[in-house]
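Have a look at the structure below, then the notes.
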Amino acid sequence: MLHISNGVAENFSRIRHVSEVEARNEKDSKEVTLDEIYDKIKEFYKLDRETINNMKWAEVEYETKIIKPRPAGKKLWDIAKKNR
């Protein structure tokens, strides 16, 4: 992700966390969207929309590569699909 942001997001994990907290505080809600989080990163670091979109999609791509179903959730999903 560092190459996408031209080095601006060197401490991405911390930046991402702080931006999520700020988005939640601003919205006064526990639930925020990925767009709201990345809008905060854009605002804080004065990044252009293309860079933000590239960073956001890199995160989504990474998450989809490492995500694994939780056994209990998978079981419930399978039951729900079967009983449609």
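The values are calculated or read from the model by the stated rules, or taken from the named source; none is laboratory data. Note that the structure is a prediction, hence the values are computed from the model and not measured. Every residue, glycine among them, receives a Cβ derived from its backbone with ideal geometry; neighbour counts consider all protein chains shown.
Screening Met1 with (1) part of a helix (DSSP H, G or I); (2) at pLDDT below 95; (3) within 14 Å of the chain's Cα centre (by Cα) gives one miss only, at (1). If I filter segment 17-39 for residues that are without any contact (Cβ under 8 Å) to a residue 24 or more places away in the chain and touching a Ser or Thr at 6+ places or on another chain (Cβ under 7 Å), do I get at least one hit? Yes, the conditions are met somewhere in segment 17-39.
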